[in-house]
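First up is the structure itself, then whatever we jot down about it.
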Amino acid sequence: ACQFGHALHAGCLQENARIWTVHTLVGPFEKVNDPYLWNSVWSAFSTSTTVGYGDVQASTLAGRLVSFLTSILGLLFMALITSSFMVKLSYTSEEVAASLMIEKARAESTLLSRKSMIVSMYIN
């Protein structure tokens, strides 16, 4: 809540509420909270549509527009590739009919062997 300009809590006025430090393997770095909501929305969008690091992001409107379009086009392209694979992997109606006929023949064979087993058990 301290990120918004209208926050009235006394703790939001302290320096450690505005700046936070992250300790990494490389060393600590500081990040200043950004009170602009759409920057947070952009950060969430760019992180969810890329590999998830969020370490390099566009900051200008033109850069964000290009990033947005390439992200959406990339998602659509991957969806197109996935659907084309599914079309190639799906069975035709002839293949489905052949599979059903093979399954029926196997079931009849199993039934015949079980019938003969029951008859031989009855006779013996």
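The values are calculated or read from the model by the stated rules, or taken from the named source; none is laboratory data. Computed from a predicted structure; not experimentally measured. Every residue, glycine as well, gets a Cβ built from its backbone with ideal geometry; the counts of neighbours run over all protein chains shown. Note: accessible area is taken over every heavy atom of the protein model, side chains too, but ligands, DNA and RNA are not part of it. Shrake-Rupley method; radii C 1.70, N 1.55, O 1.52, S 1.80 Å.
For an R0 of 30 angstrom, estimate the FRET efficiency from the Cβ-Cβ distance between Ser40 and Leu80 and round to the nearest 0.05. Please list the in-between numbers first.
On the way: r = 31 Å, r/R0 = 1.03.
Given R0 = 30 Å and the Cβ-Cβ separation, E is 0.45.
Evaluate the distance, in nm, between pseudo-label points positioned 7 Å from the Cα of Ile123 and of Val87 along their respective Cα→Cβ axes.
5.8 nm
Taking the simple approach of a point 7 Å from Cα along Cα-to-Cβ for both Leu111 and Thr24, what is their distance in nm?
Simple spin-label model gives 6.8 nm for this pair.
What accessible surface, in Å², does a 1.4 Å probe find on Lys104, ignoring ligands, DNA and RNA and rounding to the nearest 10?
130 Å²
Can you give me the % of accessible surface on the range 74-117 that is carbon or sulfur? Probe 1.4 Å, all protein chains present, nothing else counted. Before the final figure, lay out the partial values.
On the way: 2950 of 4130 Å².
Carbon plus sulfur share of accessible area: 71 percent.
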